[in-house]
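Undergrad: Below you will find the structure I want to go over with you.
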Amino acid sequence: MLKKFILFCLLLALVLMGAAWAALQQLQQVLSAPLPLAEERVLTVEPGTWFRRFALQLEEEGLVDHHMWLRAEAYRTPWVTGIKAGEYQLEPGLTLQQLLEKVVNGDTINYTFTLVEGSTFKQLKAALLDNDRLKHELDDMSEDQLLKVLGSDAEAVEGLFLAETYHFQRGMTDLQLLKRAHDDLKEVLEAAWQARDKALPYKRPYEALIMASIIEKETGVPSERSEIAGVFVRRLQRGMRLQTDPTVIYGMGERYKGNITRADLRRPTPWNTYVIDGLPPTPIALVGREAITAALNPADGKTLYFVAKGDGSHHFSRSLQEHNRAVRRYQLQRRADYRSSPEN
């Protein structure tokens with residue numbers, strides 16, 4: 001009797017082992033077979049999703065025929081339960097094994113957002129709020145509140161973010177993106193400040209940032225940035241007013257309709273450098289790395305004036321007489337295709 005029982009147990013064990021082996025082979029086939037994808041699609045794993053819910057989601061979305069296959073794989077290899085929330089790009093030919101690796105590794109879709117050189121914070125905020133892939137926290141936040149969040153003692157939020165293209169994942173907040181851009185600006189500005197010529201007429205990095213914003217608005221020609229910086233630095237060193245139109249335009253705000261009049265040049269605002277001495281109180285736009293580099297590395301020379309030539313570049317002059325001749329040539333007799341900034 002005992003021998004029969006032992007034999008039965010051995011046979012049962014063999015049957016179970018065979019069934020387990022067959023199940024394992026089938027599981028491996030499921031894992032290695034391409035998912036039923038006729039075209040690319042996006043899989044969204046919501047924050048807080050646990051593995052059992054994820055397995056059911058794949059079944060509900062028709063990516064696996066039964067969620068138990070994923071449960072079985074979780075028992076076999078527990079690491080697959082460490083899924084991460086986010087959006088995942090699925091392409092035809094992707095296997096379940098590759099999908100699990102993608103979701104565990106957090107290989108989510110990356111989006112980009114570009115902070116444009118020369119744009120204002122008002123324009124930046126509008127673009128951020130218009131981006132539906134970002135979560136919005138800026139809607140009702142005042143500038144003072146934002147400055148506090150950034151940990152900045154600047155006079156205003158204008159110009160406090162590095163103009164650059166940033167990568168982000170869906171669900172990131174607009175405030176988090178701004179914090180990253182602000183941290184990048186501080187890093188770039190500090191590095192340039194430490195390498196500066198101590199004879200430059202800036203008392204602190206913020207003043208160099210203000211200058212960089214003026215340079216950013218004055219030209220889009222990379223080779224001109226340091227030369228324009230040289231003109232402005234020499235004017236500051238001689239006690240001359242900067243007399244730069246972009247500061248007038250910024251001070252006009254909503255009153256600017258595309259043209260500056262003589263009255264506008266004479267109307268006092270904190271930013272009107274035809275009226276005030278020295279630099280305006282804040283930056284007037286976002287800046288990129290090149291403008292910061294130019295502000296802290298102005299070109300040597302003797303020029304004190306420049307005027308837009310109409311093709312996007314500028315004519316530089318040493319004397320007021322030469323400058324006035326250039327103004328008559330390029331400004332008072334404008335060509336039909338005149339433009340003060342380069343074509344995009």
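The values are calculated or read from the model by the stated rules, or taken from the named source; none is laboratory data. Because the structure is predicted, anything quoted here is derived from the model rather than measured. Methodologically, a virtual Cβ is constructed for each residue, glycine included, from the backbone with ideal geometry; neighbour enumeration extends over all protein chains shown. Side chains are part of the model used for accessible areas, which takes the heavy atoms of the whole protein and leaves out ligands, DNA and RNA. Shrake-Rupley method; radii C 1.70, N 1.55, O 1.52, S 1.80 Å.
Undergrad: For P92, which of the numbered conditions (1) free of Cβ contacts under 8 Å to residues at least 40 places away in the same chain; (2) under 33 Å from the mean Cα position of the chain (by Cα); (3) closer than 30 Å to Q28 by Cα; (4) open to solvent by 60 Å² or more (accessible area, probe 1.4 Å) fails to hold?
TA: (1)
Undergrad: Another one. Of everything in the range 109-163, what is out of contact with any strand residue (DSSP E or B) (no Cβ under 8 Å at 6 or more places or on another chain) and closer than 30 Å to L99 by Cα? Give them in sequence order.
TA: Matches in the range 109-163: D132 only.
Undergrad: Which of the residues spanning the range 25-52 are open to solvent by less than 90 Å² (accessible area, probe 1.4 Å) and among the basic types (K, R)?
TA: Answer for the range 25-52, where residues must be open to solvent by less than 90 Å² (accessible area, probe 1.4 Å) and among the basic types (K, R): just R41.
A quick yes/no check of all residues on (1) at pLDDT 90 or above; (2) in a loop (DSSP other than H, G, I, E, B); (3) not aromatic (F, W, Y):
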| site | (1), (2), (3) |
| --- | --- |
| Y274 | yes, yes, no |
| P280 | yes, yes, yes |
| I292 | yes, no, yes |
| G301 | yes, yes, yes |
| H323 | yes, no, yes |
| A326 | no, no, yes |
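Undergrad: For the range 108-154, which positions are among the charged types (D, E, K, R) and either surrounded by 15 or more Cβ atoms within 10 Å (Cβ to Cβ) or not in a loop (DSSP other than H, G, I, E, B) (or both)?
TA: Selection gives E117, K122, K125, K135, E137, E143, D144, K148.
Undergrad: Just checking, which of G86, G106, G93, G118 is in contact with an Asp or Glu (Cβ under 8 Å, 6 or more places away or on another chain) and on the phi > 0 side of the Ramachandran plot?
TA: G118
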